[in-house]
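The numbers here are math on the coordinates, done by the rules we state, and not lab data. As the structure is a prediction and not an experimental result, all values here were calculated from the model. Methodologically, a virtual Cβ is constructed for each residue, glycine included, from the backbone with ideal geometry; neighbour enumeration extends over all protein chains shown.
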Amino acid sequence: MKILLNFLLVPFLLVSCAQDSMTGDTYSRSGVGQAQSVESGSVVSIRNVRIEGGTGAGTIIGGIAGGYLGQEIGGGSGRSIARIAGATLGAAAGSHAQKQLEGRNGIEIDVALDGGNRVSVVQEVNPREPFAVGQRVRVLSGRNGTKVTH
């Protein structure tokens, strides 16, 4: 049973670590071929931010693993208490681990558009596409969100 559980958890752990890119030069498959509105402008300010969040898979997997381990520790009525405590601690540890693994460095780019409006867009830092104050950029907006690119 223990070996089977380990084999079942491995795919979930791998999937929970897979991350989509949130940079200005990356598109998801669903975004390919989709029309976007394009506005031009100049970068007014740039601020470093931290992007957090995720699927919740770390919490779920941690809770399952913790509950299973808690069940192995306790006996009789103590087994139920150990299972609940293990699931609670496992969920908290899994959530914390996922935040650490999925957190990314981002930038908030404030752009003065040529039409007079201003927009602020948060996206993942991309070393292939650095931004600077005063730089001319394009703001692409569509069904899959908004991004700033050169």
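Calculate the FRET efficiency for Asn105 and Thr149 from the Cβ-Cβ distance with a Förster distance of 22 Å, rounded to the nearest 0.05.
Details: r = 18 Å, r/R0 = 0.81.
The computed FRET efficiency comes out at 0.80.
The gain in end-to-end length when the Ala85 to Val32 segment is fully stretched comes to 14.5 nm, 0.36 nm per residue minus the alpha carbon separation.
Between Glu129 and Gln71, residue separation times 0.36 nm minus the direct Cα-Cα distance comes to 15.9 nm.
Rank-order 115-124, 139-148, 85-94 by packing density, defined as the average count of other C-beta atoms within 10 Å over each peptide's residues, highest first.
Numbers: 115-124: 14.2, 139-148: 16.7, 85-94: 18.7.
Final packing ranking: 85-94, 139-148, 115-124.
Summing Lys and Arg as +1 and Asp and Glu as -1 over all other residues whose Cβ lies under 14 Å from the Cβ of Ser42 gives a net charge of 0.
Tally Lys/Arg at +1 and Asp/Glu at -1 over every other residue whose Cβ is under 10 Å from the Cβ of Asp110; what's the total?
Working: positive: Arg47, Arg118; negative: Glu108.
Net local charge, Asp110 excluded: +1.
Ordering 66-73, 34-41 by mean Cβ neighbour count within 10 Å, with the highest value first, yields 66-73, 34-41.
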